[in-house]
1. Taking K and R as +1 and D and E as -1, what net charge do the other residues with C-beta under 14 Å from the C-beta of residue 101 add up to?
2. In nm, what is the difference between 0.36 nm times the number of residues separating residue 30 and residue 141 and their Cα-Cα distance?
3. If one computes the Cα centroid of the range 130-191 and of the range 1-49, what distance in Å separates the two points?
4. As a test of the definition: which semi-axes, in Å, follow for the range 4-296 when you take the square root of five times each eigenvalue of its alpha carbon gyration tensor? Largest first, please.
5. Just the number, please: Stokes-Einstein D of the range 222-273 in µm²/s, Kirkwood Rh from C-alpha pairs, 4 °C, 1.567 mPa s.
6. Projecting each Cα onto the charge dipole of the range 1-59 (Lys/Arg +1, Asp/Glu -1 at the beta carbon, about the Cα centre), which of 34, 11, 50 comes out farthest on the positive side?
7. How much net charge surrounds residue 85 when only other residues with a Cβ under 12 Å from its Cβ are counted (Lys, Arg +1; Asp, Glu -1)?
8. Based on Cα coordinates alone, diagonalise the gyration tensor for the range 152-297, multiply each eigenvalue by 5, take square roots, and list the semi-axes in whole Å, largest first.
Amino acid sequence: MIATDHAVAAYLGLAIGDALGSTVEFMTPREIVAKYQVHDQLIGGGWLHLKPGQVTDDTTMALALGESILKQGKVDALAAAQAFDGWMRAKPVDIGNTVRRNLLQFRKTGNPAAPYSDHDAGNGAAMRLLPVALATLGQPEESVRAASRAQAHVTHHCALSDAACECLVMMVQDALRGASKNELLHRHAHPLAARHPEFKFRAVRQQSNPSGYVADTMQAVFQSFFDTDDFRGCLIDVVNRGGDADTTGAIAGMLAGALYGLEAIPKVWLGALDDNILRACEAQTHALLEASNTFLS
């Protein structure tokens, strides 16, 4: 049984974490302390000079992916590539270098899968994957993993990126089915680190100022997610580490929302989030959940 409010909370958590983290993106923890003491409000600003509650590419790419899934009736690589290309043509507020390079390659070749490269181990595919988790609920595990790879490979065709994305999709789906944090830890996070030691997050230094490298991102997210007890604490912990804070915030918010549910999200953060984004996340969540039942039939 899927808790719809937890699915909505996952999408809103992604957007809130993105908006919260964007203010301190590329700052160091020491710089954050000097300027804010503790950064805990959706106030915009940052290097992108955003309005309060405005989001970045993390959320808008997820929404573009979700629209492609609903339009196509499934997770489809070509549809995702076309959606991302349309998103890029609309001049988003921010775009990662790997995303830009491989979308330009798609324009030239029409091939929705970027060439394999171990150097494309960034977090750009992981930040936007929530629609895949929602659309493939109830499908066999291998189908879910294949769908995760299909969207990821448009811009990030890399083993470490694949491993992170598939782990996150499975964690979100299990959280929506009612799994506890401890179950998520032992079913998914620890096995990921066992298969790929780059993702070890216990018995290593706290990941501060995490880069866009997907292993740095996952270490920061997992440390914050597993070592805090509520939605607010998780997001404040992760974004105050600085670095690629909009993406660590988005991924942590997605996981925390799926685990804790809508009631756990501070009302002041919901009220500060861009209203158009809030409505789009809510509407797409319901549409993807409804479509997931259709996809299974």
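1. That sum, taken over residues with Cβ under 14 Å, equals +1.
2. 35.7 nm
3. Answer, in whole Å: 22.
4. 25, 21, 20
5. Taking Rh from Cα pairs, D becomes 119 µm²/s.
6. 34
7. Net local charge, residue 85 excluded: +4.
8. Output for the range 152-297: semi-axes of 24, 20, 16 Å.
Values quoted throughout were computed directly from the atomic coordinates according to the rules given, and no laboratory measurement underlies them. Quick caveat, the model's predicted, so the values are computed rather than measured. Every residue, glycine as well, gets a Cβ built from its backbone with ideal geometry; the counts of neighbours run over all protein chains shown.
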